[in-house]
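Q: There's a structure below that I have some questions on.
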There are 2 protein chains.
Amino acid sequence: MKKTTIHDIARELDVTFSTVARALNDHPAISAATKAAVLETAKRLNYQQNKLASSLRSGRTNVIGIIVPSLDTSFFSSVVHGIEKVMNENGYSMLLYQTGESLKQEQKGIETFLQSRVDGIISSVSGEVEGREFYEQISKRQVPLLFFDRAINELPVPSVTINDYQAGFVATEHLIKEGYKHIAHFTSDQNLTIFKERFRGYRDALQQYGLPMNEDMICKGRLSLEFGKDSVTRLLEQEKNFDAVFAAEDYTAMGALQVLLERGIKVPQQMGVMGFANEAFGAFVTPSLSTVDQQTIRMGEETAHLFLKLIANKDFYGTTPERIVLDPILIPRHSSQTVEPR
Amino acid sequence: MKKTTIHDIARELDVTFSTVARALNDHPAISAATKAAVLETAKRLNYQQNKLASSLRSGRTNVIGIIVPSLDTSFFSSVVHGIEKVMNENGYSMLLYQTGESLKQEQKGIETFLQSRVDGIISSVSGEVEGREFYEQISKRQVPLLFFDRAINELPVPSVTINDYQAGFVATEHLIKEGYKHIAHFTSDQNLTIFKERFRGYRDALQQYGLPMNEDMICKGRLSLEFGKDSVTRLLEQEKNFDAVFAAEDYTAMGALQVLLERGIKVPQQMGVMGFANEAFGAFVTPSLSTVDQQTIRMGEETAHLFLKLIANKDFYGTTPERIVLDPILIPRHSSQTVEPR
DNA sequence: TTGAAAGCGCTAACAA
DNA sequence: TTGTTAGCGCTTTCAA
């Protein structure tokens, strides 16, 4: 079945194709009669606009590209959910690209997006190592760019993030106020601002409350259940003097929690545990896992709204990039709350 | 900055633009020298192919459209993860559309995809009520279509699903073999095959083992933690004679589990609980939640592979649709295993 | 209100 | 091996 074009409709009605185009696009200069006739014929012939042609000509695609490390993560899929929802309501479609934390993939994704002439790119970067020059290609081409969660602070790009420093601080402060004094920190070995900031918050909280920070109690690795287990096991076997764990991610915290319980160490009475990200399981485990919520869906929505606001303004690259910083929400649960005095 | 086109490169090198096009597309009939020169100039001028123009002309976009109810669900985001990964490796980009279980959104998504001239559509439908004629638009236009997880069996469309009947059967059978005799079933009120099949499996397992099915013990509603809590509470308060719950979804099972524990009912000794979907939390709760794994990432990969295989064949709509059915994997955990005899 | 015409940037068939 | 030519289907300006 050959596809119907505006020419087919024009032929059918004995008008020119530009009249048809006007009718279809709600152009003001068109008689109600022809418009109705065109719409009727379009429907009858099963006409469907060719966005490729229209975009090629007009220079707008109404498509934005989204780059995330992976969708197989509740955090990112949840943010993407929020972004898509809002963008969709505003007439945009979404091209999606997963990088798997690989810089090369990230570059490939951006190239594809640029070639597809997306109207904008929203990205959460893969690790801030060298070789990010390709982001400059985006600004060179004047394509609106936004970061969410993981931004490159050196670049003048608008972003929506949460205050990871504050998050690290309040998480640690909470543990301190609950009476824990020797708090270990499990974090990522990835070179990402988010983790450095959480660490900085942890460090400053200890300092502010006059507690010493012990380098031995900082464990870095690939965040995961296993890493949490291994790290806490190592600390225990080295007989380090610690009474709480603050992990930069919930699965890691969960691993620690499991080992502690297996070994008969009482949580929260003997040891406090604090995670990060508010994964669904945290509320269900026993003891329930204290954590920090990152407002994922809200982050997605804010990102989309900021994007829409910024592209409404002609001169995207002429204005100082707006950076929205969301507040993290501390979720204290049983793994860190000592009901009885110790 | 004006965008570079093949014409700019041609002018620079004093050749025609078709020579440039050939060089860029690795056409065999081109001298090594010109090719090198073109590539060098292209890079120097920051050339980037315009896919809109290329697709418009060639009739292929290398884009596929994916339709899911929501990404804010570990199941769908995980499957999409798998699909994107494989499709990306094979040179496809992915347009994403969430329906929020709304038929109208689903139709809108499909229309957008068709207008964008995607090379194929992969969809998980929103509820099999009336008004699905728009799917016929897809076949009319000869656009390859695939279903995953939620298929419309009446349509001759290839699909990748899991055997929900078998899943319902083995889950129930497992409970029976563990000694439970009065098994309640909590399921969705959505009119979806997947839930009807799980229910059918449940019913047949009871029958096969000579256990009566009691209509009072079938609860239908919007699957959620709350629904699980409410349902089990109601059964308890009505003093129904039941000793196990098989929920068609993990959060629902979790709700039931929480209420049981709160009321001091021992799981699994007094009551067995079985979920569905293998959500992350199931492994971490106490007692850990028995469930059925749906092989999400594998489902995504299989879907992508089937799609690639089918479009390699010219005549997509001429061949009988292949339906791949994956086996569910029973994951027995503590919530259903009575270690000691009862 | 409608028509005519140009062209977005590319692919691909045919000719030289 | 390279050039010529004709569109793909639409938007948009100018003219009638």
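Q: Taking the range B:44-58 as the search range and keeping residues that are in contact (Cβ under 8 Å) with a residue 40 or more places away in the chain and within 16 Å of DNA strand D (Cβ to nearest atom), which one is farthest from B:Val86 (Cα to Cα)? Outline the logic, then answer.
A: Within the range B:44-58, the first condition is being in contact (Cβ under 8 Å) with a residue 40 or more places away in the chain, and the residues that meet it are B:45-48, B:50, B:55.
Now drop any that are not within 16 Å of DNA strand D (Cβ to nearest atom), which leaves B:50, B:55.
Details: B:Asn50: 24, B:Ser55: 22 Å.
Looking at residues that are in contact (Cβ under 8 Å) with a residue 40 or more places away in the chain and within 16 Å of DNA strand D (Cβ to nearest atom), I get B:Asn50.
Q: Sticking with this one: So is B:Val245 within 13 Å of another protein chain (Cβ to nearest Cβ), of a type outside the set (D, E, K, R) and not in a helix (DSSP H, G or I) or not?
A: Numbers: within 13 Å of another protein chain (Cβ to nearest Cβ): no; of a type outside the set (D, E, K, R): yes; not in a helix (DSSP H, G or I): yes.
Here the answer is no, as B:Val245 does not meet what is asked.
Q: Another question about this same structure. Among (1) farther than 18 Å from A:Ser77 by Cβ; (2) buried (at least 18 other Cβ atoms within 10 Å of the Cβ), which single condition is A:Pro321 missing?
A: Single failed check for A:Pro321: (2).
Q: Would you mention how many residues in the range B:13-55 are in a helix (DSSP H, G or I) and touching a Leu at 6+ places or on another chain (Cβ under 7 Å)?
A: Of the residues in the range B:13-55, 8 are in a helix (DSSP H, G or I) and touching a Leu at 6+ places or on another chain (Cβ under 7 Å).
Q: Here's a follow-up. How many of the residues in the range A:222-265 are acidic (Asp, Glu) and either in contact with an Asp or Glu (Cβ under 9 Å, 6 or more places away or on another chain) or touching a residue at least 60 places away in the same chain (Cβ under 8 Å) (or both)? It would help to see each step written out before you state the result.
A: Filtering the range A:222-265 down to residues acidic (Asp, Glu) leaves A:226, A:230, A:237, A:239, A:243, A:249-250, A:262.
With the extra rule that they be either in contact with an Asp or Glu (Cβ under 9 Å, 6 or more places away or on another chain) or touching a residue at least 60 places away in the same chain (Cβ under 8 Å) (or both), the set shrinks to A:243, A:249-250.
The total comes to 3.
Q: If I filter the range B:91-104 for residues that are more than 10 Å from chain A (Cβ to nearest Cβ), free of Cβ contacts under 8 Å to residues at least 24 places away in the same chain and either away from DNA strand C (no atom under 14 Å from the Cβ) or closer than 23 Å to B:Asp119 by Cα (or both), do I get at least one hit?
A: yes
Q: With B:Val63, B:Val79 as the choices, which residue is facing chain A (nearest Cβ under 8 Å), within 19 Å of the chain's Cα centre (by Cα) and within 20 Å of B:Gly109 (Cβ to Cβ)? Lay out the reasoning, then the answer.
A: Working: B:Val79 fails: facing chain A (nearest Cβ under 8 Å).
None of the others qualify; the one that does is B:Val63.
Q: Ok, one more. So, of the residues in the range B:231-252 that are surrounded by 16 or more Cβ atoms within 10 Å (Cβ to Cβ) and among the acidic types (Asp, Glu), which turns out to be nearest to the chain's Cα centre (by Cα)?
A: The extreme case among them is B:Glu249.
Q: Can I ask one more? Please enumerate the residues belonging to the range A:66-76 that are more than 9 Å from chain B (Cβ to nearest Cβ), outside any helix (DSSP H, G or I) and out of contact with any strand residue (DSSP E or B) (no Cβ under 8 Å at 6 or more places or on another chain). Walk me through it before giving the result.
A: Let us first name the residues in the range A:66-76 that are more than 9 Å from chain B (Cβ to nearest Cβ), namely A:67-69, A:75.
Now drop any that are not outside any helix (DSSP H, G or I), which leaves A:67-69.
None - no residue of the range A:66-76 is more than 9 Å from chain B (Cβ to nearest Cβ), outside any helix (DSSP H, G or I) and out of contact with any strand residue (DSSP E or B) (no Cβ under 8 Å at 6 or more places or on another chain), so the list stays empty.
Q: Sort out which residues of the range A:24-43 are away from chain B (no Cβ under 14 Å) and within 15 Å of DNA strand D (Cβ to nearest atom), and write them in order of number.
A: Within the range A:24-43, the subset away from chain B (no Cβ under 14 Å) is A:26-41.
Answer for the range A:24-43, where residues must be away from chain B (no Cβ under 14 Å) and within 15 Å of DNA strand D (Cβ to nearest atom): A:Asp26, A:His27, A:Pro28, A:Ala29, A:Ile30, A:Ser31, A:Thr34, A:Lys35, A:Val38, A:Leu39, A:Thr41.
Q: Further question on the same structure: Pick from the range B:10-41 the residues that are small (Gly, Ala, Ser) and under 28 Å from B:Asp119 (Cα atoms): which of them is surrounded by the fewest Cβ atoms within 10 Å (Cβ to Cβ)?
A: Applying the first criterion (small (Gly, Ala, Ser)) to the range B:10-41 yields B:10, B:18, B:21, B:23, B:29, B:31-33, B:36-37.
Among the residues that remain, those that are also under 28 Å from B:Asp119 (Cα atoms) are: B:18, B:21, B:23.
Details: B:Ser18: 11, B:Ala21: 17, B:Ala23: 24.
Looking at residues that are small (Gly, Ala, Ser) and under 28 Å from B:Asp119 (Cα atoms), I get B:Ser18.
Q: Now a separate question. Among (1) more than 10 Å from every other protein chain (Cβ to nearest Cβ); (2) over 18 Å from B:Leu308 (Cβ atoms), there is one condition B:Pro144 misses while meeting the rest; what is its number?
A: Every condition holds for B:Pro144 apart from (2).
Q: Moving on to the next point. Quickly run through the range B:1-12 and pick out the residues that are in a helix (DSSP H, G or I) and away from DNA strand D (no atom under 12 Å from the Cβ).
A: Selection gives B:Asp8, B:Glu12.
No value in this document is a laboratory result; all are computed from the given coordinates. Because the structure is predicted, anything quoted here is derived from the model rather than measured. For neighbour counting, all protein chains shown are included, and Cβ atoms are generated from backbone atoms with ideal geometry for every residue, glycine included.
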